[in-house]
Amino acid sequence: MIEIISNPKSVYVPIHLQPVYRVSQILLILNYNTGSSKSATISLLQTIAWAMRDEGNLKILMDYKEEKRHSLVPWCFEPALDRALILALVNQYCERLIGGKIRLTKKGKKLVELVIKDNLFKTQITSLKEIGDVSKILTEKQTWQVR
């Protein structure tokens, strides 16, 4: 009989695709970019996560916020964020409200405080602070269309 021995190699998964990063990203967005309500639509979460992917996207969002642009094209949904949102909801870091908004829970706030205290995701937090509260801008100005 032939004996087969398999030595699995570790696979590199970029940080922006790792669930712990994405869950943290969602919670940080809810903390820094949603005003006092600490709640957001999935579209808002997706838009800010898209803006954080690279400098070009961040510039597009900032230009939109400062009314130097009138659209967010090119903009796309990120499937990894949707999966992380499920993890965040299941672990009770955030909750879904009536009407579909997502809100940070006390447990989620504690995790955000830990991230900040431990100086994790410093670059991302800086970007989120730069973006600021865009919840009203994106919900009032942007009309979403599927083509």
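Laboratory data are not the source of any read-out in this text; all were calculated from the coordinates shown. This one's a predicted model, so the numbers in the text were calculated from it and none came from an experiment. Positions of Cβ are generated from backbone atoms using ideal geometry, with glycine treated the same way; all protein chains shown enter the neighbour counts.
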If you build a Gaussian network model of the chain, linking Cα atoms that sit under 10 Å apart, which residue out of S135, S71, S39 swings the most?
-> S71
Diagonalise the Cα gyration tensor of the stretch 1-117 and give the resulting equivalent ellipsoid semi-axes, square root of 5 times each eigenvalue, largest first, whole Å.
-> 31, 21, 13
Taking the chain as a Gaussian network, where each spring joins two C-alpha atoms under 10 Å apart, which residue of L85, L97, L61 fluctuates the most?
-> L97
What FRET efficiency comes out for the pair D82/R103, r = Cβ-Cβ distance, R0 = 25 Å, nearest 0.05?
-> 0.90
